[in-house]
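Trainee: Provided herewith is a single structure, encoded as structure tokens, for subsequent inquiry.
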Amino acid sequence: MTWELIAFESENGNYVKHVIPVADLQEHTLGADCWCAPELDEEYWIASHRSADQREAFETGERKVS
């Protein structure tokens, strides 16, 4: 499962980067109003989105493929 980095200049002039899951079960929006409530690192302006398919748990080893 893969992730995509999308970067752009926001309305307030910050260069924001969004890390979103590719081909997730639900579509993501590039903003704080996304359904997954992305976590924003304000030092580097990186918004990390959470996946609906829970791929993070497989990537960290919390879950194993059955």
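Trainee: Look through the stretch 24-46, keep the residues that are within 19 Å of Thr60 (Cα to Cα) and in contact (Cβ under 8 Å) with a residue 12 or more places away in the chain, and return whichever of them is surrounded by the most Cβ atoms within 10 Å (Cβ to Cβ).
Mentor: For the stretch 24-46, the residue satisfying everything is Pro38.
Trainee: Examine the stretch 29-37 for a residue that is in contact with a strand residue (DSSP E or B) (Cβ under 7 Å, 6 or more places away or on another chain) and modelled with pLDDT of 95 or more, and state whether such a residue exists.
Mentor: no
Trainee: Kindly indicate the residue of the stretch 47-64 that is in a loop (DSSP other than H, G, I, E, B) and of a type in the set (Asp, Glu) and also surrounded by the fewest Cβ atoms within 10 Å (Cβ to Cβ) among those meeting that condition.
Mentor: Residue satisfying both the conditions and the ranking: Glu62.
Trainee: I'd like the full set of residues that are closer than 25 Å to Val65 by Cα and either at pLDDT below 90 or loosely packed, with under 12 Cβ neighbours inside 10 Å (or both), limited to the stretch 1-23.
Mentor: If the condition is that a residue be closer than 25 Å to Val65 by Cα and either at pLDDT below 90 or loosely packed, with under 12 Cβ neighbours inside 10 Å (or both), then Met1, Thr2, Val22, Ala23 are the ones that fit.
The values are calculated or read from the model by the stated rules, or taken from the named source; none is laboratory data. Nothing here was measured: the structure is a model prediction, and the numbers come from that model. Positions of Cβ are backbone-derived with ideal geometry, glycine not excepted, and every protein chain shown enters the neighbour counts.
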